[in-house]
Amino acid sequence: MVKINRNYKDRLFRLIFCEKKDLLELYNAINGSSYENPDELEIVTLNDVIYIGMKNDLAFILDEILNLWEHQSSWNPNMPLRGLFYFADEYRKYIEMNHLNIYGSSLITIPTPQYVIFYNGTHETPDRLEIPLSQAFLPKRPDLTPCVEVKAALININRGRNRELMKHCRKLHHYSEFIGRIRDGLADGLSLTDATQSAIDSCIKDGILAEFLSIHRAEVNHVILTEYDEQQHLAGERELGVTLGCLMVQIQLVRKKFEKHLVPETAAEELELDKAYVTQIYTLLREHGELDDRQLMELLAHELRYI
């Protein structure tokens, strides 16, 4: 199995906002607050919470609010479910650190949770979007009120979006512009390496993340290249998933025709599939009829060089 480094822009995002003063500026910009003391932040960033290689970016407690921040450059509707696990882990740690007794007769109090996703992928989203966990619940009993809910507040940080927010957080605006310039270079036909170098050079020249990019040029190049590799891999996985899903459905349909003793030509005509392809599945069914549909799908996928 291919191991994917999921830190790419997430790590770049965390590195840009690793200082408490920058976190506080971003927090104030999002919440319309005016906190001034960075030392009020207690950094409690999670590590390897749910999946190996997946980390949430920024987690901190301010004014008795537990803020979980995560950066995403690929669309994922399961963010609220991940948030549920994040908060469970974080509250467990909070209870242990504060020696709280959840089995006692007194009510314990915990920080109020807030979950924010900073999104700059290419999936079209509004400036702000609330994604509830409840949309994932099975609809079998719509009359029941779920006893659990998590709401992920997605903030679109692509260039040109959330302009008011960008006005109040200079580093977020600069980060958005930097990623935008890389995409401009790619759109102009540059290689990813050249587009990244061009974006770094132009941003330094224009005073956009100038100090950060000057110091971390090599690392920025690395994480952007890693992101591209991951996105290509994930795109391939998505395409493969669709392909294998189609194979599975087609095998099930062809098996029914096979069990009705229809000849391949008739089965192909009725299913509107290629005759040679249906014949190939018939051959597999004759030679490996004891296998289930998934096993047959894997055999067919290997023959077609899908896997």
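Counting the residues of region 95-110 that are open to solvent by less than 100 Å² (accessible area, probe 1.4 Å) and either of a type in the set (Val, Ile, Thr) or touching a strand residue (DSSP E or B) at 6+ places or on another chain (Cβ under 7 Å) (or both) gives 4.
Evaluation of Leu138 against the conditions (1) part of a strand (DSSP E or B); (2) open to solvent by 50 Å² or more (accessible area, probe 1.4 Å) shows that the sole unmet condition is (1). Of all residue pairs spaced 6 or more apart or on separate chains, those with beta-carbon atoms under 6 Å, a first member in region 106-124 that is touching a residue at least 24 places away in the same chain (Cβ under 8 Å) and a second member that is open to solvent by 20 Å² or more (accessible area, probe 1.4 Å) and assigned to a loop (DSSP other than H, G, I, E, B) are Pro111/Glu64; Asn120/Asn158; Gly121/Ser74; Gly121/Trp75; His123/Trp75.
Within the set Lys205, Lys151, the sole residue that is in contact (Cβ under 8 Å) with a residue 60 or more places away in the chain and open to solvent by 60 Å² or more (accessible area, probe 1.4 Å) turns out to be Lys151.
Quick check: anything in region 232-255 assigned to a loop (DSSP other than H, G, I, E, B) and at pLDDT 85 or above?
We begin by selecting, within region 232-255, every residue assigned to a loop (DSSP other than H, G, I, E, B); these are none.
No: region 232-255 contains no residue that is assigned to a loop (DSSP other than H, G, I, E, B) and at pLDDT 85 or above.
State whether the residues of region 175-191 include one that is touching a residue at least 60 places away in the same chain (Cβ under 8 Å) and hydroxyl-bearing (Ser, Thr, Tyr).
Taking every residue of region 175-191 in turn, at least one turns out to be touching a residue at least 60 places away in the same chain (Cβ under 8 Å) and hydroxyl-bearing (Ser, Thr, Tyr).
For region 217-224, the criterion of being of a type in the set (Gly, Ala, Ser), at pLDDT 80 or above and either part of a helix (DSSP H, G or I) or open to solvent by less than 30 Å² (accessible area, probe 1.4 Å) (or both) is met by at least one residue.
The values are calculated or read from the model by the stated rules, or taken from the named source; none is laboratory data. Since we're looking at a predicted model, the values are computed, not measured. Don't worry about glycine lacking a Cβ; one is built from the backbone with ideal geometry, like all the others, and counts go over all protein chains shown. All accessible areas refer to the heavy atoms of the entire protein, side chains included, with ligands and DNA or RNA removed. Shrake-Rupley method; radii C 1.70, N 1.55, O 1.52, S 1.80 Å.
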